[in-house]
Structure formats: C-alpha cells, structure tokens
1. Examine segment 24-36 for a residue that is of a type in the set (Lys, Arg) and modelled with pLDDT of 95 or more, and state whether such a residue exists.
2. It is to be established whether one or more residues within segment 102-122 are part of a helix (DSSP H, G or I) and free of Cβ contacts under 8 Å to residues at least 12 places away in the same chain.
3. For segment 19-52, which positions are open to solvent by 90 Å² or more (accessible area, probe 1.4 Å) and assigned to a helix (DSSP H, G or I)?
4. In this structure, does ALA121 turn out to be within 29 Å of GLN146 (Cα to Cα) and either loosely packed, with under 11 Cβ neighbours inside 10 Å or in contact with a strand residue (DSSP E or B) (Cβ under 6 Å, 6 or more places away or on another chain) (or both)?
5. In the list LEU20, LEU57, which residue meets the criterion of being closer than 30 Å to GLU151 by Cβ, of a type in the set (A, V, I, L, M, F, W, C) and touching a helix residue (DSSP H, G or I) at 6+ places or on another chain (Cβ under 7 Å)?
Amino acid sequence: MKLAEALAERAEATRRVEQLRARVVSSARHQEGETPAEDAAQLLAEAGEVLDTLEALIRRINRTNAAVRMGADGTLTDALARRDTLRLRHSVVTAAADAAAGTGDRGYGRQLRSELMVLPALPVAELRAQADALAREIREVDVRIQRTNWEADLLD
C-alpha cells in the first residue's frame, strides 16, 4: 500500500469515528417505554474497533514519514514540519500586511483635515511580496510531499 492510500484511509476512518460518535450520543438516552433508534452499546463497540484500526494506521504512517528521505527536504516528517511552519509564517505576514493596510477597518480614513492621519507601521508592499514568496514555497513543498506520498510504500 502506498502512503497516499494510507492517508486516505486515515481520513475515512477519522470521519467514520466522528459519525459513530454522533450516533452514540444521539442514542445514549431514550424515553422510558421507547426503544432508541440504534443500539448505543453496539455503536460504541464499533467505534472502538475503528479507533483500534486507526491507531495502527497512524503508527504506520508516522513510521513511514520518519523513515522516508526526500533529498534536501530531509525526511517526510521534516518536510511536513517545514510546510506547517511556512503556512503559519504566511498567515502572520498576511495578517500583518492586512493590518498595516487597514483592510477591514471601516471609516479608516480622515473625514476632516484637522483629524490625525493613521499611517502604516509596516511596509505593506514588501509584506505582500513576502507573502507571495511564502505561498510559492508552500506550493513547492506540498508538491514534493504529495509526490512522495504516492511513491513511498507504507512501512509495517
């Protein structure tokens, strides 16, 4: 099995657990004299089985991520950490540029010449260029990660 297939199975198992959780919660109590729509104990047991399978799958994915080398990016785990921090960095730079530009502030400008002007404390154009460069780097790292996901075999 390829790593990408395991990741898809992990996502499906996670969705399945959430669905089972919601069904357990809705069937956990019922009025006296009525029967619940579903057997909560059976649903809970099924959720436990799916969670056991999910845990084993996550362990294998993590082992694979730590072992697979991606050249200059290091291991797949290193590349994932890089992508996550690039996304956070992009978010911070974009938020700073938006704040400096006054994006989202209504009535931000002066109404009268006697009012004080509000000036940006950061170079908006430079921040936008930096955000664009970060977005490009995120895409490049993500493409390498996706390629590796489809090439790497899942470890036991």
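The values are calculated or read from the model by the stated rules, or taken from the named source; none is laboratory data. On a predicted model such as this, the values are computed, not experimentally measured, just so you know. Note that each Cβ is placed from the backbone with ideal geometry, even for glycine, and that neighbours are counted across all protein chains shown. Side chains included, ligands, DNA and RNA excluded: accessible areas come from the protein's heavy atoms. Shrake-Rupley method; radii C 1.70, N 1.55, O 1.52, S 1.80 Å.
1. Within segment 24-36, not a single residue is of a type in the set (Lys, Arg) and modelled with pLDDT of 95 or more.
2. Within segment 102-122, none of the residues are part of a helix (DSSP H, G or I) and free of Cβ contacts under 8 Å to residues at least 12 places away in the same chain.
3. GLN19, ARG21, VAL25, GLN42, LEU44, GLU49, ASP52
4. no
5. Answer to the check: LEU57.
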